[in-house]
1. Within the range 22-45, restricting attention to residues that are small (Gly, Ala, Ser) and more than 19 Å from Leu87 (Cα to Cα), which residue is most open to solvent (accessible area, probe 1.4 Å)?
2. Of all residues in the range 5-48, count the ones that are free of Cβ contacts under 8 Å to residues at least 40 places away in the same chain, not hydroxyl-bearing (Ser, Thr, Tyr) and not in a helix (DSSP H, G or I).
3. Could you list, in sequence order, the residues of the range 46-58 that are modelled with pLDDT of 85 or more and open to solvent by less than 60 Å² (accessible area, probe 1.4 Å)?
4. Determine if the range 66-78 includes at least one residue that is modelled with pLDDT under 85, over 26 Å from Ala129 (Cβ atoms) and in a loop (DSSP other than H, G, I, E, B).
5. Is it true that some residue in the range 79-95 is open to solvent by less than 50 Å² (accessible area, probe 1.4 Å), in contact with a Leu (Cβ under 9 Å, 6 or more places away or on another chain) and modelled with pLDDT of 85 or more?
Amino acid sequence: MNTLERTIVAAAHRELKRLRAPISTAEDHEDAHTAFRSLSTLSSLAHIEGGGLGSTARAELLAVENEAAKSLKSLKREQALPTIAQLLGAFDVSNWLKSALASAVNRDAVDAAQDAELLHLVLAARASALIDGHVRATPAAGREGEPRF
């Protein structure tokens, strides 16, 4: 691995360690959330074909990603996820997400969760298509032959 690859992998390991830290306060929730976002960004580099990472670095990032998934599954649900109030007060949560959460609390929880799952699937498909270069970042809706993301 070159220096950049070693740095990326080392950063992923640091974020995994932060993600595995005990969660007992609101600050711990916020730190775990930040670590998860950072780790997700770093591990996404391993999923970019031809992105410049060597096979060893990609394999290590995928292994860290797998360990993070195991760590999240092993935590109790109430420990792994911050509350809506904590997210609304967190500095690193986007205004878009805060707005969605604020409106969701006034809806039926099951309906809101189902809508959020659909939103996740659509946005994940769009992100994947953008990464793979299948769509433009700002496609013109309605043009024939173009995916509507």
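The values are calculated or read from the model by the stated rules, or taken from the named source; none is laboratory data. Keep in mind that this is a model prediction, so the values were computed, not measured. With ideal geometry, Cβ positions are generated from the backbone for all residues, glycine too; neighbour counts draw on all protein chains shown. Areas reflect the complete protein model, heavy atoms only, side chains present, ligands, DNA and RNA absent. Shrake-Rupley method; radii C 1.70, N 1.55, O 1.52, S 1.80 Å.
1. Taking the range 22-45 as the starting set, the residues that turn out to be small (Gly, Ala, Ser) are 24, 26, 32, 35, 38, 40, 43-44.
Okay, now just the ones that are also more than 19 Å from Leu87 (Cα to Cα), so 43-44.
On the way: Ser43: 8, Ser44: 45 Å².
The qualifying residue most open to solvent (accessible area, probe 1.4 Å) is Ser44.
2. Total meeting the criteria: 2.
3. Ala46, Leu53, Gly54, Ala57, Arg58
4. Yes: the range 66-78 contains one or more residues that are modelled with pLDDT under 85, over 26 Å from Ala129 (Cβ atoms) and in a loop (DSSP other than H, G, I, E, B).
5. Our first condition is that a residue be open to solvent by less than 50 Å² (accessible area, probe 1.4 Å); within the range 79-95, this holds for 80, 82, 87, 90, 92-93.
Remaining after also requiring in contact with a Leu (Cβ under 9 Å, 6 or more places away or on another chain): 80, 87, 93.
From what is left, the residues that are modelled with pLDDT of 85 or more are 87, 93.
Within the range 79-95 (the criterion being open to solvent by less than 50 Å² (accessible area, probe 1.4 Å), in contact with a Leu (Cβ under 9 Å, 6 or more places away or on another chain) and modelled with pLDDT of 85 or more), the answer is yes, since at least one residue qualifies.
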